[in-house]
Amino acid sequence: MTLLPELRAEDFAPILSGADYGEAFFEESQGISILFETRASRTWAKTAERGLGLRFLRRAEGAVETLMGSSQNIAPAEAARLRAGLFGENNGGRPATVGPRTSYRHAVRVDPDAVPLEEKIGLLKRIDASLRAEFEGLRQVSLTYGERRRDLAILNSEGANLREERASVVFVVNVVAQKNGVLQTGHEVLGALKGCELLEDGAAESAARRAARRALRKIAAPPAKAGEMPIVLSSAAAAPSSTRRSAILLRPTTSRREALRPIRESWGKPSLPRRSR
């Protein structure tokens, strides 16, 4: 399904004139996002955006000047009004020569628009139930599904006439686990310029399990030791390779000034190369 209307090159060719370079960028996108959280809470939103951007480059007094403007209306009349605001009414020029259109569409095997909303919500519900049944100690499971379709077009004074259609899907998992008063989180994301085939063959379920295991492993991890401990520092970490390398051992009884003295002495004073006469 194409979102952008037909953009005739001859309607926008006069708008691209008047500078050393002129460009018109068009975009229209639609998408939905579904949030499944706390087993029963389901929220979803649908978004739609459309816009036009003009950009001009021109040489002025030894420098390059950039003029830009944008609008949510992509009609040729609006583009002409936008250009007049940048250049003035009388700043015309020879219409640009725009070549034939080149189109590209990213391959999508399972179109997200062909999958009912109820089926997408059902997938999130099944993943939530399977995680809670398989892993103990999960306090919160948050699943987000998002999809977006974007149509892009570019016309410029160098003859480009490009059109591109994109479809993307993203799946986000956030898990909170709790044990003995300790909370830890796990996070996983799947996303690509693909359709709903991205989540097939158990890919979404596997991502959710990875997030749950990550949170539980963090809870089971041994606590980090606190307090003073020996640390080994090497001057090679910061000194040039030509300086003498040394290593020191910091102990709780060693002051910072005493510990850093060998490093300072090994660096020495910096010297500049001599000029040849």
Please verify whether the stretch 4-14 includes one or more residues that are modelled with pLDDT of 90 or more, touching a strand residue (DSSP E or B) at 6+ places or on another chain (Cβ under 7 Å) and not in a helix (DSSP H, G or I).
yes
Would you pick out the residues in the stretch 43-74 that are under 29 Å from S33 (Cα atoms), open to solvent by 50 Å² or more (accessible area, probe 1.4 Å) and either not in a strand (DSSP E or B) or not hydrophobic (A, V, I, L, M, F, W, C) (or both)?
T43, K46, T47, E49, R50, S70, Q72, N73
Y21 passes all but one of (1) among the hydroxyl-bearing types (S, T, Y); (2) under 30 Å from G195 (Cβ atoms); (3) touching a residue at least 24 places away in the same chain (Cβ under 8 Å); which number fails?
(2)
Could you figure out which of (1) touching a residue at least 60 places away in the same chain (Cβ under 8 Å); (2) in contact with a Gly (Cβ under 6 Å, 6 or more places away or on another chain) isn't true of Q72?
(1)
Restricting to the stretch 184-197, what's the tally of residues that are part of a loop (DSSP other than H, G, I, E, B) and open to solvent by 30 Å² or more (accessible area, probe 1.4 Å)?
2
Taking A211 as the residue in question, decide whether it is open to solvent by less than 20 Å² (accessible area, probe 1.4 Å), touching a residue at least 24 places away in the same chain (Cβ under 8 Å) and farther than 30 Å from F56 by Cα.
yes
Single residue of E27, E37 found to be crowded, with 16+ Cβ neighbours inside 10 Å and in contact with a helix residue (DSSP H, G or I) (Cβ under 9 Å, 6 or more places away or on another chain)
E37
With the first residue restricted to the stretch 125-153 and required to be open to solvent by less than 20 Å² (accessible area, probe 1.4 Å), and the second required to be at pLDDT below 95 and among the aromatic types (F, W, Y), Cβ contacts under 9 Å at 6 or more apart or on different chains are I127/F36; D128/F36; V141/F36; S142/F36; L143/F36; Y145/F36; Y145/W44
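Restricting the stretch 75-102 to residues that are without any contact (Cβ under 8 Å) to a residue 24 or more places away in the chain and of a type outside the set (D, E), which is most open to solvent (accessible area, probe 1.4 Å)? Outline the logic, then answer.
Of the stretch 75-102, the ones without any contact (Cβ under 8 Å) to a residue 24 or more places away in the chain are 75, 77, 81, 84-85, 88-90.
Then keep just the ones that are of a type outside the set (D, E); that gives 75, 77, 81, 84-85, 88, 90.
Values: A75: 38, A77: 78, R81: 138, A84: 23, G85: 69, G88: 26, N90: 155 Å².
Checked the stretch 75-102; the qualifying residue most open to solvent (accessible area, probe 1.4 Å) is N90.
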Filter the stretch 198-221 down to the residues that are farther than 17 Å from L124 by Cβ and not in a loop (DSSP other than H, G, I, E, B) and list them by number.
R213, R214, A215, L216, R217, K218, I219, A220
Give the residue, chosen from G181, G159, G202, that is exposed (fewer than 15 other Cβ atoms within 10 Å of the Cβ) and in contact (Cβ under 8 Å) with a residue 40 or more places away in the chain.
G159
Does K218 qualify as being more than 30 Å from A13 (Cα to Cα) and either modelled with pLDDT of 95 or more or surrounded by 12 or more Cβ atoms within 10 Å (Cβ to Cβ) (or both)?
yes
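The values are calculated or read from the model by the stated rules, or taken from the named source; none is laboratory data. These numbers come from a predicted model, not from an experiment. With ideal geometry, Cβ positions are generated from the backbone for all residues, glycine too; neighbour counts draw on all protein chains shown. Side chains included, ligands, DNA and RNA excluded: accessible areas come from the protein's heavy atoms. Shrake-Rupley method; radii C 1.70, N 1.55, O 1.52, S 1.80 Å.
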